[in-house]
Amino acid sequence: MQNMRILQLHCDYIEFTPVKKEIKSAEEIDPQSKHFDEIVVAFVAVEDGDNSEVAKKAMNEISESMKKVGCGKLLLYPYAHLSSKLASPSTALSILKEMGEKRDGLEINRAPFGWTKSYKIQVKGHPLAENSKTISAGEEKESTSEALKAESKIQSFWHIMTPDGKMHDIDKFNFAKYQSLEVLAKYESAKKRSVDEPPPHVKLMKKLAIADYEPASDAGNMRFFPNGRLMKSLIERYVTDKVVEYGGFEVETPIMYDSHHPSMESYFNRFPARQYNVNSEGKQLFLRFAACFGQFLMAKDFQMSYKNLPLRLYELTRYSFRREQSGELVGLRRLRAFTMPDCHAMCKDMEQAKEEFRKRFDLSRQVIRGLGMNESEFEMAIRFTEEFYNENRPLVEELVSKIGKPVLVEMWKERFFYFVLKWEFNYVDSSGKASALSTDQIDVENGKRYNIEFIDENNKPQNPIILHNSPSGAVERVIYVLLEKAAKDQREGRKPGLPLWLAPTQVRVIPVKPEFLDYCEKLAEKISQNDIRVDLDDRNESVGKSIRDAETDWIRYIIVIGEKEVSATKLSIRDRKTGTVKELAVDELVKEIKEETNGMPFLRMNMSRYVSKRPQIMV
RNA sequence: GCCUCGAUAGCUCAGCCUGGUAGAGCGAACGCCUCGUAAGCGUUAGGCCGCGGGAUCGAAUCCCGCUCGAGGCUCCA
């Protein structure tokens with residue numbers, strides 16, 4: 001049996017100097033000292049019989065383990081002393097050259113073959129810094145993790161469930177009245193779709209100075225301008241208020257976790273995640289991709305009785321990180337860093353879990369409506385194991401009947417994921433892309449995995465059933481949906497706009513001539529005192545230009561102040577929604593705005609009140 | 001990860017095919033106009049034409065490589 005032998009070391013640095021040729025066929029090189037920092041050094045001995053296949057496998061394994069330690073620089077270092085059955089030098093050199101071929105995501109260096117070298121090396125102190133492998137031909141050693149393999153084996157059965165609880169075959173269902181559900185169903189059951197337009201919200205997010213790509217960061221990490229930050233804060237405030245109203249307790253947990261913590265290890269083994277890795281002092285940390293671990297680890301340290309349940313922990317993660325494939329990242333639809341409201345409820349048994357699940361279903365519907373999204377624009381998908389469905393049909397049917405329209409059903413023969421039931425609301429955009437917003441799951445596995453316990457009525461420790469709910473979905477994705485909706489309005493000939501409570505500017509005051517500025521300032525101050533975001537276009541521009549700018553910024557109320565207004569009590573107010581100019585007193589305007597934003601959070605304007613004092617952010 | 005496309009002024013882009021003095025609109029600065037519900041007028045500043053190499057008398061323009069970005073696909077426990 002032939003085995004390529006590799007000793008792999010994660011080093012702070014290595015430094016080597018070729019001293020003299022050891023064999024005739026040594027590589028012709030300039031014998032200079034080389035120094036590398038932060039590098040993985042692979043000492044390689046090629047054995048008699050090793051071939052390209054072995055070379056390829058070896059590189060796959062090396063690159064896999066390098067990903068784990070978060071290092072992208074490799075030095076291949078020929079090291080004959082690892083074996084006594086060496087391949088011939090020419091074979092060894094050609095295999096090493098093959099291993100040194102360019103490879104995406106790796107910077108590969110090769111130490112010269114056939115030279116005696118002196119070297120100095122400093123190896124890192126973390127557990128994965130040193131490892132050795134033997135690679136042999138023929139043996140099935142795929143880089144795909146067990147979890148990924150298992151996942152591809154799960155069997156799904158797709159159906160449509162109508163509000164009366166009946167299941168329909170997806171191929172036989174008449175989608176005539178349910179076009180976006182059809183898109184979702186086809187999307188999910190993997191039919192082809194082709195789009196060549198970028199989604200319209202990308203232009204809008206820049207035009208309205210909400211957010212933009214940040215080339216100096218990683219893809220999918222956006223920057224949010226004052227307008228965007230304000231909108232996010234408002235959405236976050238709203239969702240948090242609603243969750244607290246429902247009974248959630250807000251907590252805060254760390255952003256990074258030790259990959260080798262026992263609970264994390266068992267989680268990773270089951271669920272391959274594309275996470276960001278961070279190395280620090282020999283520890284391998286990963287950035288959280290959800291709030292789950294933090295809350296579970298916290299709950300584990302609580303001493304709980306069944307009387308404390310359900311216990312609802314809530315966190316708004318800014319951020320959660322998922323290193324999605326670069327090609328999937330589009331505007332605000334899918335990001336690598338996102339803000340996720342995440343609420344877990346520990347329940348004592350399935351009965352309590354089901355009751356809680358219903359409450360959270362209603363909460364989510366309410367939140368979606370409050371955020372300015374219409375339930376009719378969403379398509380629900382519900383997923384469960386066959387066993388759960390057979391035992392809990394009334395719950396499933398109740399949820400579907402509440403929605404009052406057909407929903408997509410995915411049923412699994414066996415439980416693969418940690419949950420037995422999951423639903424989500426999906427928004428289907430103009431390019432036929434479906435994105436999940438709200439979701440809730442019944443988790444029967446992590447209570448045990450994280451060793452969360454409560455004492456039941458009989459003084460016995462039990463693991464709770466855990467519900468995982470995001471009532472709104474990612475905050476950035478909420479903005480994506482609002483902008484896509486606005487784009488749709490525009491396309492269909494309606495005026496695009498944002499919900500008034502979310503608009504960065506709610507009222508703009510424009511003087512006809514600079515001499516009315518004083519009056520405008522007093523007016524703006526008066527309106528502002530009623531918790532309304534009002535600003536003042538104090539630039540010396542024509543009225544037409546100022547109005548045009550306000551309109552393109554989607555500002556709902558525009559007040560023009562001239563001779564007439566200064567000496568009267570009524571203001572002329574241009575209402576973007578109706579496109580008309582109406583006459584109202586200040587109090588009447590305030591009342592109208594207060595009514596429309598009733599029950600929604602308020603934050604002060606996040607920019608100078610004076611338009612002339614603002615930097616130009618976008619064209 | 002794979003495929004395709006792109007990178008020129010602060011922004012959006014033209015010029016490139018067919019090599020020969022770097023262009024427009026918007027924005028900015030300054031000045032004029034003092035204006036009634038979607039763009040008033042003028043002047044000025046602003047460029048390593050992404051980076052590196054090649055062929056050419058000569059490259060933003062042609063060729064090769066690299067980097068970064070975008071879109072699609074796959075994917076999205």
Checked pairs for the stretch A:572-595, first over 17 Å from A:R533 (Cβ atoms), second loosely packed, with under 13 Cβ neighbours inside 10 Å and hydroxyl-bearing (S, T, Y), C-beta under 7 Å and 6 or more apart or across chains, list as A:A585/A:T569
Counted residues in the stretch A:493-537 being under 33 Å from the mean Cα position of the chain (by Cα), among the basic types (K, R) and open to solvent by 60 Å² or more (accessible area, probe 1.4 Å) come to 2
In the stretch A:397-446, anything over 24 Å from A:M350 (Cβ atoms) and more than 14 Å from RNA strand B (Cβ to nearest atom) is listed as A:G404, A:K405, A:P406
Cβ pairs under 8 Å, 6+ apart or interchain, first in the stretch A:248-277 and within 22 Å of A:L335 (Cβ to Cβ) and modelled with pLDDT of 80 or more, second hydrophobic (A, V, I, L, M, F, W, C) and open to solvent by 30 Å² or more (accessible area, probe 1.4 Å), ordered by first then second residue, are A:T253/A:L297; A:T253/A:M298; A:M256/A:V278
When the stretch A:376-396 is checked residue by residue, the ones that are surrounded by fewer than 19 Cβ atoms within 10 Å (Cβ to Cβ), of a type outside the set (S, T, N, Q) and touching a strand residue (DSSP E or B) at 6+ places or on another chain (Cβ under 8 Å) are A:E377, A:E386, A:E387
Per the filter on the stretch A:558-612, residues more than 16 Å from RNA strand B (Cβ to nearest atom) and either hydroxyl-bearing (S, T, Y) or not in a loop (DSSP other than H, G, I, E, B) (or both) are A:D587, A:V590, A:K591, A:E592, A:I593, A:K594, A:E595, A:E596, A:T597
- Query: Given the structure, is A:R556 charged (D, E, K, R), open to solvent by 50 Å² or more (accessible area, probe 1.4 Å) and assigned by TED's automatic domain parsing to the domain that holds A:P504?
  - Reply: no
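Yes or no, residue by residue, for (1) among the polar types (S, T, N, Q); (2) outside the structural domain of A:L363 (by TED's automatic domain parsing); (3) open to solvent by 20 Å² or more (accessible area, probe 1.4 Å); (4) in contact with a strand residue (DSSP E or B) (Cβ under 9 Å, 6 or more places away or on another chain):
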| site | (1), (2), (3), (4) |
| --- | --- |
| A:Q303 | yes, no, yes, yes |
| A:R322 | no, no, yes, yes |
| A:E328 | no, no, yes, yes |
| A:G331 | no, no, no, yes |
| A:R336 | no, no, yes, yes |
| A:M340 | no, no, yes, yes |
| A:A345 | no, no, no, yes |
Here the residues within the stretch A:583-599 that are in contact with a Ser or Thr (Cβ under 8 Å, 6 or more places away or on another chain) and open to solvent by 50 Å² or more (accessible area, probe 1.4 Å) are A:E583
Among A:L523, A:L517, the single one that is in contact (Cβ under 8 Å) with a residue 40 or more places away in the chain, over 30 Å from A:L335 (Cβ atoms) and not assigned by TED's automatic domain parsing to the domain that holds A:R229 is A:L523
Among helices (runs of 4 or more DSSP H) entirely inside the stretch A:197-280, those with 2 or more residues being within 14 Å of RNA strand B (Cβ to nearest atom) and in contact with a helix residue (DSSP H, G or I) (Cβ under 9 Å, 6 or more places away or on another chain) are A:201-207, A:262-270
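The values are calculated or read from the model by the stated rules, or taken from the named source; none is laboratory data. Note that this is a predicted model, so its numbers are computed, not measured. Glycine also receives a Cβ, built like all others from the backbone with ideal geometry; neighbour counts cover every protein chain displayed. Each accessible area value is taken on the protein alone, full model and side chains, heavy atoms only, with ligands, DNA and RNA left out. Shrake-Rupley method; radii C 1.70, N 1.55, O 1.52, S 1.80 Å.
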